[in-house]
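The values are calculated or read from the model by the stated rules, or taken from the named source; none is laboratory data. Note that this is a predicted model, so its numbers are computed, not measured. Using ideal geometry, Cβ is built from the backbone for each residue, glycine included, and neighbour counts are taken over all protein chains shown.
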Amino acid sequence: MSGFERWGAATERALYGRAGFYRRETPASHFTTSARTPVFAEAIARVADEVDERLGRPEGFTVVDVGAGGGDLLADLAGLLDRRISLVGVELRPRPAGLPERIAWRPEPPDRVSGLIVACELLDNVPCDVAVLDPEGRARYEEVDAEGRTRLGETLEAEDEQWIDKWWPLTVPGDRAEIGRTRDAAWADLTARLDRGTALAVDYGHTRSDRPQGGTLTGFAHGRQTEPIPDGARDVTAHVAVDAIACDSFQRQRDALHALGFTATRPPMALAYRNPTAYALALAKTTATARLTDPAGLGGHWWLRTDRP
C-alpha cells in the first residue's frame, strides 16, 4: 500500500488482502477469544439444543461458525452435539489439521442455513471507515498510510453522514467515530442466509449511551495490544455499535451465560476429599466461567441474537 486512504480500504487490504493478516496468521498466536474456552462451547451447545428443540428436532440442522479461526469451538462442539447435527467452519485459511472429520470447512458461509449461525468476534474485524469532526465542524473521513500516520480526507458521503447523525453524533472538533454501516451490512448478509433458527454474534461493543469519544480502533500482535497500523503484521479491530445492528435482542455475555445456567460458584471442599479429580475439573470449570463472566473482561462482551421461526 502506498499513500493515504480511508481506514476501511486500508484495513481490508491489511487483514484480508492476498498477503493479509487473516490469510497468513492463526489468531490464537496473537489473542484469546471466548471461542477457545470449552465452557463457552458448552454454552453454545445449550443454545444449539434450545434452537434445535424450537425447530422440532429437524433432520437437517447445521451449526455454522463464521470466522472459525483454528476450529477450537467446532472441535469442542463435535463432542457435545448429536451427530445428526452438521458442523461447518467458515474461514479464509485452509482447514486446520486434526479437526474431527464431521466438521466441514469452507471460505464462505453457506447460502442457506437451518440451525445456528455463530459469529464470535467477527463483526469487530469487519473494516470500517473513521469519521473526525474538523475545526469547522464538518465530519470528514480520516485517512491512514501503511505506517499508521493519519490525516483528514474528504467530507462524509450522505449515507455515512446519516449513520453518524443517528448512531454516533460528533459534537466537539476532534471527536472520532467508527462508521458502523459495514458491520450492519455484514450482519444483514449473515441473517439473510438463515431460513430457520438463530444467528448469534458475540463481540466487543458499545451503545449510544457509552460511545467512546475517541473511538476504539486498536491493534493486536503476539498477545499484546498495539497501535492500529494497517501493515498486515497485526490485527486491526474496532468495537461494534451494537445498538445499530438490526437484531432481535442484545445483552452482555455475563447475563447470557447466567441465563443459560453458568455460574462461577466454587465447588464444595468436601468434593476435594471425596473425589479429587472431580473437584479439580469442577474448579477448572468455575475458573473458566469466572473469566467468561467477568464484567471488566469477556463478560462485558455483547451477545446479539436474531431468530427465525
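Assorted remarks:
- Within segment 230-253, if we keep just the residues that are charged (D, E, K, R) and buried (at least 20 other Cβ atoms within 10 Å of the Cβ), the residue that is nearest to the chain's Cα centre (by Cα) turns out to be D235.
- Any hit, segment 33-50, residues being more than 25 Å from Y204 (Cβ to Cβ) and at pLDDT below 95: no
- Among the residues here, T226 qualifies as surrounded by 13 or more Cβ atoms within 10 Å (Cβ to Cβ) and without any contact (Cβ under 8 Å) to a residue 12 or more places away in the chain.
- Cβ-Cβ contacts under 6 Å between residues 6 or more apart (or on different chains), taken from a first residue in segment 193-206 that is farther than 21 Å from N125 by Cα to a second residue that is surrounded by fewer than 20 Cβ atoms within 10 Å (Cβ to Cβ) and among the polar types (S, T, N, Q), are listed as D195/S114; R196/S114; G197/S114.
- W163 meets the conditions (1) in contact with a Gly (Cβ under 9 Å, 6 or more places away or on another chain); (2) part of a loop (DSSP other than H, G, I, E, B) in every case but one. The failed one is (2).
- So D111, is it touching a residue at least 60 places away in the same chain (Cβ under 8 Å), in a loop (DSSP other than H, G, I, E, B), within 26 Å of W302 (Cα to Cα) and not aliphatic (A, V, I, L, M): yes
- In the set (1) in the same structural domain as D49 (by TED's automatic domain parsing); (2) surrounded by fewer than 20 Cβ atoms within 10 Å (Cβ to Cβ); (3) modelled with pLDDT under 95, the condition left unmet by L298 is number (2).
- Residue check, A282 assigned to a helix (DSSP H, G or I) and either under 22 Å from the mean Cα position of the chain (by Cα) or under 21 Å from D243 (Cα atoms) (or both): no
- Among the conditions (1) closer than 29 Å to G3 by Cβ; (2) at pLDDT 95 or above; (3) hydrophobic (A, V, I, L, M, F, W, C), the only one that W167 does not satisfy is (1).
- When segment 127-152 is filtered for residues that are surrounded by fewer than 18 Cβ atoms within 10 Å (Cβ to Cβ) and out of contact with any Leu (no Cβ under 8 Å at 6 or more places or on another chain), the ones remaining, listed by number, are P135, E136, G137, R138, D145, A146, E147, G148, R149, T150, R151, L152.
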